[in-house]
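**Student:** Would you mind keeping the following structure in view while I ask a few things?
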Amino acid sequence: MENYTRIAKLGEGTYGVVYKAQNRQTGLIVALKRIRLDSEEQGVPCTAIREIALLKELKHPNVVELLDVLHSDKKLTLVFEYLDQDLKKYMDGIGGGIEPHIVKTYMYQLLKGLAFCHEHRVLHRDLKPQNLLTSSRHELKLADFGLARAFGLPVRSYSTEVVTLWYRAPDVLLGSSTYSTSIDLWSAGCIFAEMVNGSPLFPGTSVENQLERIFNVVPLPPEDSLGEGVELPVGVGDACEPASEAPVLATTLGEVVPGLSAEGVDLLGLLLVADPAGRITATDALTHPYFDNVLDPSASDSCLAGASATD
């Protein structure tokens, strides 16, 4: 720690504190995530061990880089590359929806990072604007892998107590524990709509209210697609037509995200599919026509400052 000078506190939570700091030897600005170790018996939190192990394997322009790990008797400090802010703070700062061309570049980078994680058999399981870091050049990187898990075949049973409520897929809300990469694609869809609207798409107050908000817009899934032993709650399907007919929707995605282009609404509809098997993959989503004219600052030196809003 003597190699770093703390500049400012960036945030604080149950795990510890995050600081902006500078390496005294190189001058590099970094983020220090200091994790308190409460007792010798408890040791290093499993979330920190998992985050360290996964990030050492995930080297990609759209995944935050873990630069170093510093360990003492009382504290564990993770040294990360520094970005200006997270996506939530960026949206709060502009006070509304993001410009269409910037939404597109953020979404493209989010999906690139997800595709890389999924190709390397890692589920993030906690995607939300607070866990996406952004720079002044509109680079975006996935961060906070404390709930991330490696996965394989056959599909294992996982905890359903993952992903912040507003970004949690309906199959997980309904109790499915055999989810896979589709859990992250649902969250990405919710973030997509939030960037356009400037407010969360499904801001539920409870699991039941969250499901009600979702199924007011998204067609109900067939019950046999939700995982073994998972059933729709009593009353959820009462307003729907028989299975052979399309369900009656209270509204459409185009109506709830009016600022999104037709191609964007189509992509959003492929992400927000209640049946997890029907959700588009991150790799396939990257080839969607919505991204035909995307600018990607993580892959080049192009700057979006002068780009035009073409959507």
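The values are calculated or read from the model by the stated rules, or taken from the named source; none is laboratory data. It should be emphasised that the depicted structure is a prediction, and the values quoted were computed from it without experimental measurement. So basically every Cβ, Gly included, is an ideal-geometry build from the backbone, and we count neighbours across all protein chains shown.
So that you can scan it fast, the table gives a plain yes or no per residue for (1) modelled with pLDDT under 90; (2) more than 21 Å from A115 (Cβ to Cβ); (3) among the basic types (K, R); (4) outside the structural domain of V172 (by TED's automatic domain parsing):
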site: V217; (1), (2), (3), (4): no, yes, no, no
site: E228; (1), (2), (3), (4): yes, yes, no, no
site: E231; (1), (2), (3), (4): yes, yes, no, no
site: D311; (1), (2), (3), (4): yes, yes, no, yes
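**Student:** Here's something else I'd like to know. Can you name every residue in the stretch 85-140 that is acidic (D, E) and under 16 Å from L286 (Cα atoms)? Steps first, answer last, please.
**Tutor:** Step one: of the stretch 85-140, the residues acidic (D, E) are 86, 92, 99, 119, 126, 139.
If the condition is that a residue be acidic (D, E) and under 16 Å from L286 (Cα atoms), then E119 is the only one that fits.
**Student:** Checking I35 against (1) buried (at least 16 other Cβ atoms within 10 Å of the Cβ); (2) at pLDDT below 95; (3) more than 26 Å from L295 (Cβ to Cβ); (4) out of contact with any helix residue (DSSP H, G or I) (no Cβ under 6 Å at 6 or more places or on another chain): exactly one of these is not met. Which one?
**Tutor:** (4)
**Student:** Residues P203, P129, P170: which one is surrounded by 24 or more Cβ atoms within 10 Å (Cβ to Cβ), of a type outside the set (S, T, N, Q), closer than 29 Å to G96 by Cβ and modelled with pLDDT of 90 or more?
**Tutor:** P170
**Student:** While we're on this one: For the stretch 74-115, which positions are under 18 Å from H60 (Cβ atoms) and assigned to a loop (DSSP other than H, G, I, E, B)?
**Tutor:** Y82, L83
**Student:** Exactly one of these conditions fails for L70: (1) closer than 24 Å to L165 by Cα; (2) not assigned by TED's automatic domain parsing to the domain that holds A169. Give me its number.
**Tutor:** (1)
**Student:** Moving on to the next point. Keeping to the stretch 261-299, report how many residues are charged (D, E, K, R) and surrounded by 21 or more Cβ atoms within 10 Å (Cβ to Cβ).
**Tutor:** Going residue by residue through the stretch 261-299, those that are charged (D, E, K, R) are 263, 266, 275, 279, 284, 292, 296.
Within this subset, residues satisfying the condition of being surrounded by 21 or more Cβ atoms within 10 Å (Cβ to Cβ) are 279.
The qualifying residues number 1.
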